[in-house]
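The values are calculated or read from the model by the stated rules, or taken from the named source; none is laboratory data. As the structure is a prediction and not an experimental result, all values here were calculated from the model. In this analysis, Cβ positions are derived from the backbone assuming ideal geometry, glycine residues included, and neighbour counts consider all displayed protein chains. These accessible areas exclude ligands, DNA and RNA; they are computed on the full protein's heavy atoms, side chains included. Shrake-Rupley method; radii C 1.70, N 1.55, O 1.52, S 1.80 Å.
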Amino acid sequence: MLGKRESFTKALITEIGQRANDFNKLGAAVNTIYFGGGTPSLLPPAALQSILHAISAQYNLGAAGGPAQNSDREVTLEVNPDDISEQYLQGLLQAGFNRMSMGIQSFHDDHLKWMNRRHSAAEAVKAFNLSRAAGFDNISIDLIFGFEGLSLQMWRENLSRAIELSPEHISAYQLSLEPGTKLYSSYKKGEYLQLKESLSYKQYS
């Protein structure tokens, strides 16, 4: 019996094939491939490579060669810092990925713990440096602002540490309350208070 990851990979490859004709009949070519939303770095490089091969085989990629052969095509994987190892990074490069989007979120350990993140600030920095050393020259990092307990000074510190790493891109997201989540439940019970709009605006600015 296939495990959940193997079953998901098989189902995704099937769906890639089912949707290919709808895309290809538009006459468009694939210029970027992005694995994101959720935690795709939970999949091993071999599974990710099989997905890329399915895309290469069934979609119009424009220039000759699949993702692994065409360095001009941007192929991105969202990763959690705690999933990173030298072996995993080499597997990603061999699979054809040339861009990474890393969910660092914060450089304050207490905030990472509150967000139920598995990594520490130090581990996030290590993961970034390992990715650079492995050969990734296009890295984006994610940060979150606008939540209770994040002062303006803490946010400035997060931004400063992010800039010190010199990523190619920084995505900064304001925390939102989504119905059905644990945080939303805490908010309804009065256990979590939203950050004042004025302070959230200052952090955004």
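Ranked by solvent-accessible area (1.4 Å probe, protein heavy atoms only, all chains present), the residues 200, 56, 205 order from largest to smallest as 205, 56, 200.
With 0.36 nm allotted per residue and the present C-alpha distance subtracted, the residue 202-residue 34 stretch has 57.4 nm of extension available. The charge dipole of the chain, taken about its Cα centre with unit charges on the Cβ of Lys, Arg, Asp and Glu (plus for the first two, minus for the last two), comes to roughly 380 debye. Surface listing: 187, 204 arranged by accessible area from highest to lowest gives 204, 187, probe 1.4 Å.
The mean sequence distance of close C-alpha pairs (under 8 Å, at least 6 residues apart), as a share of the length of the chain, puts its relative contact order at 16 percent.
Label-to-label distance for residue 4 and residue 153 is 4.2 nm, based on points extended 7 Å past Cα in the beta-carbon direction.
A cut-off under 11 angstrom between Cβ atoms defines the neighbours of residue 151, and their net charge, with Lys, Arg +1 and Asp, Glu -1, is 0. Accessible area per residue was computed with a 1.4 Å probe on protein heavy atoms; residue 192 scores about 10 Å². Residues in the chain average 58 Å² of solvent-accessible surface per residue, probe 1.4 Å, ligands and nucleic acids excluded. To the nearest ten degrees, helix 86-95 and the longest principal axis of the Cα atoms of the chain are 40 degrees apart.
Candidate cross-link partners of residue 126 among the lysines, defined by an alpha-carbon separation under 25 Å and a same-chain spacing of 8 or more, comprise 113.
Taking 6, 191 and ordering them by how much accessible surface each has at a 1.4 Å probe, largest first, produces 191, 6. For the chain, the equivalent ellipsoid derived from the alpha-carbon gyration tensor has semi-axes of 34, 20, 17 Å in decreasing order. Using the Cβ-Cβ distance between residue 168 and residue 86 with R0 set to 22 Å, the FRET efficiency from 1/(1 + (r/R0)^6) comes to roughly 0.55.
For residue 170, the accessible surface of its heavy atoms amounts to roughly 60 Å² (probe 1.4 Å, protein chains only, rounded to the nearest 10).
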